[in-house]
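Here the structure comes first, spelled out in structure tokens, and everything after it is commentary.
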Amino acid sequence: MAFSKWPFLKKIKTNHEKNNQITIIPEHVAIIMDGNGRWARQQGLPRIAGHKQGMDNVKRIVEVANAYQIKILTLYAFSTENWKRPEKEVNYLMKLPHDFLKVYLPDLIKENVKVEMIGHFEQLPSHTKKSIQHAIDQTKNNTGLILNIAMNYGGRSELVEVAKSIAGDVQNNKVKIDQIDEKLINDRLFTGHLPDPDLLIRTSGEIRLSNFLLWQLAYTEFWFTDTYWPSFSRHEFEEALQAYQQRKRRFGGL
Ligand code: FPP
């Protein structure tokens, strides 16, 4: 449309663009994708339909993260506590990496996305491990967005493992007690090679961490929304990014 014919339209568009400008981009965004079950109930569907819809939304949100050149997107897909759910639901959740990658891996490869995983890998069923390992291998040389899937992840058990590993090294005289510092602990986390998240988003109206990245979120900016994960849209992701750039991060300083 020729805006010169409709000057008021041009003005609206320009203001809109200006107001929505996102210039300060978080390097690492972590998301607690909550509300799949409630979304399904709202639609009169079984809970697993919510997880399926949530899985498809992962791809949409990866595209937005990629568009904004976010470097790392860490998604909480299954916690160490989620094993307590009914067996049928656990089995479905364990099948999701396969279902997701079967449909979307070719796109992820094309979009230069690198798939990684944090969590207790060995305890996953072998079919889940196989799908995840395949995606990691296929994308290991990609240099774009790191899609970091937290699967069988728990912040406390992660710290317990770090404690055990350091204690073992102290016992074997590989590490002296006064060499234990924040860096040593950090390096042994699942995320040891990654910077801490700059922004944490949690959907569905719950305002808690649920054992997610307890060490890593020490100075992260939090953003919460009532929207259920399957309905969390590009627009709302942009709202979170806009909120993030208004924050004054001081990391304990002035
Ligand atoms: C929490 O919602 C969500 C989960 C436990 C599963 C999240 C998984 C996905 C969104 C898909 C994962 C995708 C890949 C690629 C592995 P909930 O079920 O607790 O919701 P509720 O609180 O409403 O019951």
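The values are calculated or read from the model by the stated rules, or taken from the named source; none is laboratory data. Values in this document were obtained by computation on a predicted structure and should not be read as measured data. Positions of Cβ are backbone-derived with ideal geometry, glycine not excepted, and every protein chain shown enters the neighbour counts.
Of all residues in the stretch 125-147, those that are surrounded by fewer than 20 Cβ atoms within 10 Å (Cβ to Cβ), within 15 Å of the ligand (Cβ to nearest atom) and either of a type in the set (S, T, N, Q) or part of a loop (DSSP other than H, G, I, E, B) (or both) total 3. Would you call Asp34 within 10 Å of the ligand (Cβ to nearest atom), in a loop (DSSP other than H, G, I, E, B) and among the charged types (D, E, K, R)? In short, yes. When you check Asp178 against the structure, is it more than 22 Å from Gly119 (Cβ to Cβ), surrounded by fewer than 15 Cβ atoms within 10 Å (Cβ to Cβ) and modelled with pLDDT of 95 or more, yes or no? Yes: the conditions hold for Asp178.
Cβ-Cβ contacts under 8 Å between residues 6 or more apart (or on different chains), taken from a first residue in the stretch 130-147 that is at negative phi to a second residue that is of a type in the set (Phe, Trp, Tyr) and not in a loop (DSSP other than H, G, I, E, B), are listed as Ile132/Phe121. Here Ala67 fits the description: at pLDDT 95 or above and loosely packed, with under 15 Cβ neighbours inside 10 Å. Considering the stretch 74-101, the residues that are in a helix (DSSP H, G or I) and exposed (fewer than 12 other Cβ atoms within 10 Å of the Cβ) include one that is nearest to the ligand (Cβ to nearest atom), namely Lys84.
Every condition in (1) touching a residue at least 12 places away in the same chain (Cβ under 8 Å); (2) away from the ligand (no atom under 11 Å from the Cβ); (3) out of contact with any strand residue (DSSP E or B) (no Cβ under 7 Å at 6 or more places or on another chain); (4) part of a helix (DSSP H, G or I) is met by Glu122 except one, and the failing one is (1).
Taking Ile48, is it on the phi < 0 side of the Ramachandran plot and within 13 Å of the ligand (Cβ to nearest atom)? So Ile48 fits the description; yes.
Residues to consider are Asn20, Asn57; find the one that is near the ligand (Cβ under 8 Å from one of its atoms), within 30 Å of Thr220 (Cα to Cα), at pLDDT 65 or above and not small (Gly, Ala, Ser). Selected residue: Asn57, the only one of Asn20, Asn57 that is near the ligand (Cβ under 8 Å from one of its atoms), within 30 Å of Thr220 (Cα to Cα), at pLDDT 65 or above and not small (Gly, Ala, Ser). Of all residues in the stretch 60-72, exactly one satisfies the criterion of being in contact with a helix residue (DSSP H, G or I) (Cβ under 7 Å, 6 or more places away or on another chain) and within 11 Å of the ligand (Cβ to nearest atom), namely Ile61. Just one residue in the set Ile136, Ile185, Ile109 is among the hydrophobic types (A, V, I, L, M, F, W, C), modelled with pLDDT of 95 or more and out of contact with any helix residue (DSSP H, G or I) (no Cβ under 9 Å at 6 or more places or on another chain); that residue is Ile136.
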